[in-house]
Structure formats: C-alpha cells, structure tokens
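Read through the structure below, which is laid out as structure tokens, and then see the notes.
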Amino acid sequence: MNKLYNTQRDISTNLSDFIKNSVSNITKTQLNILPSIIFGMIKSESCVTIDIAKNLKDNFCDVLLPSTQRRIRRFFNNKFFDGHDFYCKIIAYVIENYKCKHPDNRVHIAMDHMFVRDMFTIFMLSLRIGKQSIPLWFECFNGKNDPNAFKTDTLIKGIDFVNSLFKNKNYHLIFLGDRFFNSTKLMQHIESIGHYYVFRLKDNYKCLVYDNHEKYYIWKHIKDLNHYQFKTATYNNIYFTRNEIKTNIVISPKNPKSLINSGIHNDIIPWFLITNSNTKFAIKDYSYRFGAIEFLFKSQKSNGFFLEKTTTSNLHAFTNMFACVCFSILWLTILGVNYSKNPKQYKNIKIDCVRKYVNGPRRIMSLFKTGLTLFNIAFNSIHNIKLPYNFKLYDY
C-alpha cells in the first residue's frame, strides 16, 4: 500500500504550527479549528459553510455534517477571534521577510473598494506580485452605503498600516487609486510619510498652470489642458485645486493603440493622472493597478472562493471569514510564486502556467491559480511534493 503525502492532517498541522508562531494571542481552541477551515476553503474553493464542511475528513469523520457546519459557524461568530487583527499579524510576519527584486525598490500598492452584493463593503490595500496581488490590509463595513468605508480617515488608517509594514525597508511605496481617491488630504498624507501616489483624476478639477500665450498663471480645468494624439502630455510642479497642492499631472495619449502597446487597459481615453513621483513612469505605474486589484477581487469571488455566495449577514462573522479567505489567497500565491521560481523542486509534476510565444514567454495562469493547482496535485499524493509552510514571499 502506497503512503499518501500532504494529507489533511499534514496540511492542517503545518498551518497550525505557522499560525501559532506568528500570531501570539491565538488560543488553543481556535487553533483546533482554524487550519481545518482554511484547508476546507481551499479544497472546496468556496467560503460557504456547507462546502467547507463537506471537504473535512480525519477528525471530522465521526461528526455529522450539520455538527461540523455549526462548529465552523461558531468559529466565524466567535467574539474572541478578531479576523482583522489575525490577518494583520500574519501579513506583518510575511512582509518582514519580503524582498523586492527591482533595483529601484519601487513597490506598488493598489487601493480599492469591493462590494459583496448589497450586504458588505470592503476597503482593501494590496501588494502587487507579478501581474496580480496579495491582500495587505482590509476593513469590512455593513451594506453598500456605509459612509465610514469611504472616509479619508479610513483610507489613511490603511495607508499608515502599510507604511508600518515597510518602515524598516528602504522601499519606495507607490499608492495607486482610481478617480474615487481624488482627495488632496490623502495625497498630502502619502507625501508627508515619504511615499508616492498615482491617482486617476476626474477631469472637472482645476489646476493653476502657466499660460504661454497669456504670459501668466491661470486656472484651467484638467480636461482643457493641452494633450496629444500619440504622445504623453506632462505638467510638472503645478498647483492642484484651491488647496494649491504642488504636484504633477500626466495626460495619456488620445490614441488607444499607444496605450494598449504600453500595457494599459483599454478604457475611456485620455487618462488624467496626478502624481508626486517621476512623471516618466506614471502611466506604467498606474497600469499595474488593473492586474493587481482585479485579479485579487476575482480570486476572492468568481475565480476563487465565491464570496458573493455567502449567506452570512453578521459583520463580525463575515470579517472572520474574509480573513480566512485572505490567508488562503496569500498562501496559494506564495505556492504559485515558489513553483514558478523553482520548477526544479517539482520534478514529478508539470503545470502549464507559462507558454512561449514569438515575442517571449507569457503567463497564462495566475500565480494564485498556479498555487491552487499545485495544492490539488499535492493533496493525498503518492509522490512527496513538498509544499512550503514558511510563508516566505518572493517578488515576481
């Protein structure tokens, strides 16, 4: 009889050891169920309680399915477990050992809101890894119209946490946001802590620019600034809005092909970007936002754990469940990066995640999906496929 490797017991035990070492205030009771819930989420590719319960074996074999569901629901509703605090401690451990591979030390942080039907709003900051991202910080709110989810103070709270993660690293953080984040207070705060922003602007804002024809400074709407068909227009050191923030504005070409060839998502053209960073890289920097945040949302929803199928209406239970989803995405992405960077360690398996084309190799499977595929191959395998549990994240 062949020995099976990477059983549920093996995976849960290793995850339990990691969580115990990185989260000091986790209790033994929580450790008895949390790794199993994470395993069940990944195996079922779902955050629905019954789907998780159906995939739990070993210690759960002698327990009726409804009883297993109740245990999972009790954990999510446990007032002594704070999913937000739990994930903050996990990501702090991971980022402490993270190293950026780029010589200019530029790290891209995407900001955005996500809605789970009309039940919850999530504000999230994520770290770009390759063409996708991992969650860095999140906060959940009830409903779609909770004003606290959109307050500048909430956004600053997340930015300050991300800043604390990288405080001992000489990295240049670049915060990326869409037109919702057109807050001068937010821009000033990011600059005050020594980092950079690239935000897409609404075109009805005004800025103070020097008019070469009139020979003095005048106020103009962003949309009335000169821009070009095939090249980028740049305005350096101009004053933005009545607060007169000194910053830079970059306007993308009107021609869609020039944007697409630069790796930019086709959208309403031109784009108006505001940045305190090098204007030469503004359009390229902003392009990273699409893959980073959209891949992550897709992994949490229709291409991963199907958050929109959750039936919970309790904010605390949802936050705890969402923390488990973020943990799962983090680990699977780490598995995907590890496989992509060290394929020789996995001689017995072949995952077709990159294909070679005339113009070079192209990734056809996200790092998250690569990690999920590796997990499914390794689970109960007769080959000893070593899954890393050190949560060491590499840049990609």
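The values are calculated or read from the model by the stated rules, or taken from the named source; none is laboratory data. From a predicted model like this one, the values you see are computed outputs, not experimental measurements. Please note: Cβ atoms are built from the backbone with ideal geometry, for glycine as well, and neighbour counts cover all protein chains shown. Please note that ligands, DNA and RNA were not included when accessible areas were found on the heavy atoms of the full protein model with its side chains. Shrake-Rupley method; radii C 1.70, N 1.55, O 1.52, S 1.80 Å.
Brief remarks on what is shown
- The chain: relative contact order as a whole-number percent, Cα under 8 Å and 6+ apart: 21
- Of Tyr196, Tyr93, Tyr210, the one that fluctuates the most in a GNM where the chain has Cα springs shorter than 10 Å: Tyr210
- Trypsin sites (Lys or Arg not before Pro) restricted to region 146-181 and DSSP loop, no more than 13 other C-beta within 10 Å: Lys151, Lys167
- Net length available on complete extension from Asn236 to Arg73 is 53.2 nm, with 0.36 nm assigned per residue and the Cα-Cα distance removed.
- Apolar share of the accessible surface for the chain: 47 percent from carbon plus sulfur atoms, 1.4 Å probe.
- Mean residue ellipticity at 222 nm, helices only, the chain: -12000 deg cm²/dmol; runs of at least 4 DSSP H residues each add -39,500 (n - 2.57), and the sum is divided by the number of residues.
- Protection proxy ranking, highest mean first, for peptides 282-288, 61-67: 282-288, 61-67, where packing is the per-residue count of other beta-carbon atoms within 10 Å, averaged.
- Antiparallel bridges, percent of DSSP beta bridges restricted to region 83-237 (to nearest 5): 75
- The candidate values are (i) 169; (ii) 149; (iii) 124; the one derived from this structure for volume of the Cα convex hull per residue in Å³ carries the label (ii).
- Counting only DSSP beta bridges with both residues in the chain, the antiparallel share comes to about 80 percent.
- Within region 147-164: backbone nitrogen closer than 16 Å to the Lys185 label point (7 Å, Cα to C-beta): 147-160
- Of interest is the spacing of the C-alpha centroids, which for region 59-121 and region 1-36 amounts to 16 Å.
- Per residue, region 37-94 exposes 47 Å² of accessible surface when a 1.4 Å probe is rolled over the protein heavy atoms with every protein chain present.
- Normalised radius of gyration (Cα atoms, divided by 2.2 N^0.38 Å) for region 59-116: 1.83.
- Seen against the Cα atoms of the chain and their longest principal axis, helix 282-300 is set at about 30 degrees.
- Set Lys99/Lys369; Lys167/Lys341; Lys284/Lys309; Lys54/Lys79 screened for pairs whose C-alpha atoms are more than 29 Å apart: Lys284/Lys309
- Spatially proximal aspartates and glutamates relative to Lys246 (Cα-Cα < 12 Å; intrachain offsets below 8 disregarded): Glu191
- Residues of region 282-396: accessible area per residue with a 1.4 Å probe, Å²: 44
- Burial ranking of peptide ranges 184-190, 356-362, 321-327 (average Cβ count within 10 Å, highest at the top): 321-327, 184-190, 356-362
- Under 14 Å, Cβ to Cβ, from Phe368 - net charge with Lys/Arg +1 and Asp/Glu -1: +4
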